[in-house]
1. Report relative contact order for region 3-193 in percent, whole number only (criteria: Cα-Cα under 8 Å, sequence separation at least 6).
2. Amide H to amide H, which residues 5 or more places from ILE198 or on other chains are under 5 Å from it, using H placed in the peptide plane?
3. Pairs to check: LYS9/LYS175; LYS9/LYS196; LYS9/LYS90. Give those whose C-alpha atoms are more than 30 Å from each other in this structure.
4. Taking 1 over the mean of 1/r across every pair of different Cα atoms in region 3-193, what Kirkwood radius in Å do you get?
5. Students often forget the sequence filter, so: which aspartates and glutamates lie under 17 Å Cα-Cα from LYS287 once same-chain residues fewer than 8 apart are removed?
6. Can you order the peptides 147-158, 354-365, 234-245, 308-319 by their average number of other Cβ atoms within 10 Å per residue, highest first?
7. How large is the dipole of region 3-193 about the Cα centre if only Lys and Arg carry +1 and Asp and Glu carry -1, each at its Cβ, rounded to the nearest 20 debye?
8. Classify the chain as rounded, prolate or oblate, taking a ≥ b ≥ c as the square roots of the eigenvalues of its Cα gyration tensor: rounded when a/c is under 1.5, otherwise prolate if a/b is larger than b/c and oblate if not.
Amino acid sequence: MSSSSRIAKALATNSRLFRAPGRVNIIGEHTDYNDGLVLPTNTALYTWLNISPRSDRTIHVTAHNLGDSQSFCLDDIRRSENPGWLDYIKGVAAQLEADGVRLRGAELSIDGEIPIGGGLSSSASLELATATALLKISAAEMAPERISEICQQAENLYAGVNCGIMDQYSVACCKRGEAILLDCRSLDTMFVTIPKHISLLITDSGAKHRLPDGAYNNRGDECRQAVDLIAEVELGIQSLRDVSMPTLQASKVHLGERLFRRSRHVVTEIIRVTEAFGALQSGDPVKLGALVSASHSSLRDDFEVSCDEVENLVEIADACDGVLGSRMIGGGFGGCVLSVTYTERLEDTISKISNDYGPIIGRTPWMHIVSPTDPAGEVDMQ
Ligand code: GLA
């Protein structure tokens, strides 16, 4: 459905229309929950949400792309043993109320364009669309940075995913045409315009990832174990963000092989984020591509969050003349691949990837050219 028909539908049903984009992390994977740096942008693929207030405290939600409809009462929000899609919405409502906002009941009608389990933050987008809409109809004001923290808490507590702040922050606070260098410890930011001659291309590997399966949370546990061990070698280490390469080398025997590799990914990835920010500032696609490729190797070999389908796709994408580097995107274990390309070579690249990867999955792969857009908010229907 086009955005004009969504506006027409909202006007016809007397509801308000909100949308939240997907996030595209250029580089800085699995660094956010280690107090590190990330460099995400977002893209014009949206979670759309129509909302109209109710006179009671019921939230009734219809999820069109899931063909499902469920309700809960704001006075009785419980956590589920096996979280499903409604728990993201319950979590947002519960955490907003825990922060002192008195919400109104509402009818929500949701439709999403972001592939679920694709590594493009369909969950954070759903959370932010929900939070901004519920706040608006309840006449409550809240800074976008705070909304992103509340949505992160919702995902931690109600969806059972111990994610960092990156996804929610970039969906809430990104700027059209730009990428954000976000310090996940201080929440300090610097923005950089993505130069027109560099394009970011997303291709879905077709392998679905699912974060609550435990592997994502397990990586966070391993990082915390590593920090405890490194802190025995050097005082004052509170997170992998504080660890330098010499300290990491000095802790190698103490850490053992696996935790050493996990830590090496995080420590080197944080360095790559700063360098990638510089490459965007100076408009250097070759440098950016090389960093993206190095990130992928580290995620595959040290952090071990890739999978066969993603490896196949990265190899195919990297073999295209216009591609300067590719990597898995998001939490890993499936999902999409991001490729850095020259804008002038984009069309050739799309058809080559499609022709070479399509036969492997038996269909044309889903592809998307990243187009950084506005953050989550209400759609102006004027
Ligand atoms: C998921 C999480 C994020 C981040 C990435 C990996 O998208 O939600 O917080 O940890 O994985 O970088």
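1. Worked out over region 3-193, it gives 27 percent.
2. THR343
3. LYS9/LYS196, as the Cα separations exceed 30 Å there.
4. 16.7
5. By straight Cα distance, LYS287 reaches GLU269, GLU275, ASP318, ASP321.
6. 147-158, 308-319, 234-245, 354-365
7. That gives a dipole near 700 debye.
8. It comes out oblate by the Cα gyration axes.
Throughout, read-outs are computed from the coordinates displayed, never taken from laboratory work. What you see is a predicted model, and the numbers here were worked out from it, not measured in a lab. Every residue, glycine as well, gets a Cβ built from its backbone with ideal geometry; the counts of neighbours run over all protein chains shown.
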